[in-house]
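Read the structure below first, then the notes.
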Amino acid sequence: MKHVILITGAGKGIGRAIALEFARAIRHHPDFEPVLVLSSRTPADLEAISLECRAEGALTDTVTADISDMADVRRLANHIVEHYGRIDCLVNNAGVGRFGMLGDMTEEDFDYTMSTNLKGTFFLTQALFAMMQRQRSGHIFFITSVAATKAFEHSSIYCMSKFGQRGLVETLRLYARKSNVRITDVQPGAALTPMWGEVNDEIQSLMMMPEDVAAPVVQAYLQPARTVVEEIVLRPTGGDLQDE
Ligand SMILES: NC(=O)c1ccc[n+]([C@@H]2O[C@H](COP(=O)([O-])OP(=O)(O)OC[C@H]3O[C@@H](n4cnc5c(N)ncnc54)[C@H](OP(=O)(O)O)[C@@H]3O)[C@@H](O)[C@H]2O)c1
């Protein structure tokens with residue numbers, strides 16, 4: 001059976017790993033036919049991950065879109081409606097972080113972070129959840145963070161955005177349970193991705209890898225439809241980095 005799966009931020013890091021993990025799941029689940037709709041702002045990234053997923057036997061489609069731009073959010077949602085007429089899974093993964101001491105953060109840092117992590121995530125979810133309500137099926141993942149429940153000194157704006165995403169998760173659950181839609185809040189700790197920029201070997205050894213986050217996401221999706229994994233919290237075995 002075909003599963004239409006939209007992954008935002010699929011070009012790099014955790015989103016990229018999730019796309020590949022969905023494609024690789026075909027090896028163990030021959031009946032699973034994912035149609036991976038891969039989206040981010042950088043077309044070259046999308047082409048690269050698309051090729052890798054196709055090599056695993058998945059069908060893929062790429063949509064370049066900036067979810068901080070409402071016109072792009074509408075275009076992305078319309079693409080799903082027009083090309084597929086249904087949506088089985090939305091992975092709200094696209095996110096940005098600007099890190100620094102509280103007193104150094106600017107209005108631009110604030111707007112940049114909130115327009116993607118909160119505004120874009122909210123309106124894309126609103127559009128596609130409406131489809132899932134009509135279908136009375138679907139699964140939405142939010143890649144929030146351990147910073148959605150815990151403060152980090154250098155992460156004031158990022159923490160605000162992630163605590164905010166958690167507010168959306170918990171509100172959406174109230175609707176989702178009535179509509180037979182599954183909601184999973186994925187809260188990773190530090191995972192080595194381009195979001196971190198340059199990371200020295202010592203710090204790298206204290207971090208998870210993106211595929212460590214991807215595997216439980218796909219396992220949660222493949223649970224029987226009667227069961228929802230509501231939360232996945234993943235940390236490096238040694239705990240959080242002091243400052244993320
Ligand atoms: N890495 C961690 O330690 C960690 C821990 C907890 C939670 N998370 C969360 O996990 C998610 C993925 O993070 P990551 O570490 O994989 O980051 P990443 O390596 O920077 O990748 C982020 C992806 O999101 C895309 N993206 C960013 N802003 C976008 C926008 N406005 N519209 C569309 N696409 C956008 C990027 O696309 P372009 O580059 O093409 O713009 C990129 O493909 C984020 O929500 C992040 O907050 C990460």
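The values are calculated or read from the model by the stated rules, or taken from the named source; none is laboratory data. Here the structure is a predicted model, which means the values were calculated and not measured. Here the Cβ positions follow ideal geometry from the backbone for every residue, glycine too, while neighbour counts run over all protein chains shown.
Observations, loosely collected:
- Screening region 166-191 for residues that are free of Cβ contacts under 8 Å to residues at least 60 places away in the same chain and touching a Pro at 6+ places or on another chain (Cβ under 7 Å) and picking the one that is farthest from the ligand (Cβ to nearest atom) gives Gly189.
- Some residue of region 75-87 being surrounded by 24 or more Cβ atoms within 10 Å (Cβ to Cβ) and among the small types (Gly, Ala, Ser): no
- Taking region 199-238 as the range and being within 19 Å of the chain's Cα centre (by Cα), more than 16 Å from the ligand (Cβ to nearest atom) and more than 16 Å from Val146 (Cα to Cα) as the test, the residues that pass are Gln219, Tyr221, Leu222, Gln223, Val228, Val229.
- Residues satisfying the stated conditions in region 36-64, i.e. under 20 Å from Glu211 (Cα atoms) and crowded, with 19+ Cβ neighbours inside 10 Å: Leu36, Val37, Leu38, Ser39, Ser40, Asp45, Leu46, Ile49, Ser50, Cys53, Ala58, Thr60
- When residues of region 181-198 are limited to those that are exposed (fewer than 15 other Cβ atoms within 10 Å of the Cβ) and part of a loop (DSSP other than H, G, I, E, B), the one farthest from the chain's Cα centre (by Cα): Glu198
- Residue that is modelled with pLDDT under 95 and either among the polar types (S, T, N, Q) or in contact with a helix residue (DSSP H, G or I) (Cβ under 7 Å, 6 or more places away or on another chain) (or both), where the choices are Gln219, Gln242, Gln204: Gln242
- Selection from region 126-156 of residues that are under 26 Å from Arg74 (Cα atoms), β-branched (Val, Ile, Thr) and without any contact (Cβ under 8 Å) to a residue 60 or more places away in the chain: Ile140, Thr144
- In the set (1) farther than 27 Å from Val81 by Cβ; (2) β-branched (Val, Ile, Thr); (3) not in a helix (DSSP H, G or I), Ile140 fails one condition alone, (1).
- Residue match in region 41-53 (condition: in contact with a Phe, Trp or Tyr (Cβ under 9 Å, 6 or more places away or on another chain) and either at pLDDT 95 or above or acidic (Asp, Glu) (or both)): yes
- Set Ala214, Ala220: member being outside any loop (DSSP other than H, G, I, E, B) and touching a Ser or Thr at 6+ places or on another chain (Cβ under 6 Å): Ala220
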